[in-house]
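A short worksheet on the structure shown next.
The values are calculated or read from the model by the stated rules, or taken from the named source; none is laboratory data. This structure is a prediction, so every number in the text was calculated from the model and none was measured. Counting neighbours? That spans all protein chains shown, and the Cβs are built from the backbone with ideal geometry, glycine included. Please note that ligands, DNA and RNA were not included when accessible areas were found on the heavy atoms of the full protein model with its side chains. Shrake-Rupley method; radii C 1.70, N 1.55, O 1.52, S 1.80 Å.
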Amino acid sequence: LQRRVRERFANCCAYCRTAEDLTATTFEFEHIVPCSAGGETAFKNLCLSCPMCNRYKSDLLLASDPVTQTEVPLFHPHKDRWTDHFVWSEEFTEVVGLTPVGRATVATLKMNRPQMIRVRRMWVAMSEHPPDLD
């Protein structure tokens, strides 16, 4: 099951798309719908997540869109297409939310923390980022 999840997400975080092999940490298998909300430990409910996205997502399913202030579902890595909800900034250092779901997910998971922008800038300079996943 873990191998299938890793293959499905190409060893990248399903949310921020950080490549695991660019980090000094082991990525986690995240329950998209948490067990506490009835989520199963099954392929359709698991994704690969960097530790920071996993911590900030926690057991949340909904979040507020910072533009409309409405509560919307967070991005679902199996049901939603990443490119429908997100795009990279021109410099490839920030994840930009295109939709209420995308914006709420970027904000809630703090995908554009200054530290991430800095490290993405280095990865871009090394031609290691962004990953070619689509």
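Residues checked against (1) assigned to a helix (DSSP H, G or I); (2) in contact with a Leu (Cβ under 8 Å, 6 or more places away or on another chain); (3) in contact (Cβ under 8 Å) with a residue 24 or more places away in the chain:
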| site | (1), (2), (3) |
| --- | --- |
| 30 | no, yes, yes |
| 44 | yes, no, yes |
| 67 | no, no, yes |
| 79 | no, no, no |
| 87 | no, yes, no |
| 111 | no, no, yes |
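Which one is least open to solvent (accessible area, probe 1.4 Å), of the residues in the stretch 89-109 that are free of Cβ contacts under 8 Å to residues at least 12 places away in the same chain and assigned to a loop (DSSP other than H, G, I, E, B)? Ranking the candidates gives 89 first.
Residues of the stretch 26-39 that are surrounded by 12 or more Cβ atoms within 10 Å (Cβ to Cβ) and out of contact with any Pro (no Cβ under 9 Å at 6 or more places or on another chain): 29, 31, 33, 34, 39.
So that you can scan it fast, the table gives a plain yes or no per residue for (1) open to solvent by less than 50 Å² (accessible area, probe 1.4 Å); (2) more than 20 Å from residue 102 (Cα to Cα); (3) within 11 Å of the chain's Cα centre (by Cα); (4) not polar (S, T, N, Q):
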| residue | (1), (2), (3), (4) |
| --- | --- |
| 43 | no, yes, no, yes |
| 47 | yes, no, yes, yes |
| 69 | no, no, no, no |
| 72 | yes, no, no, yes |
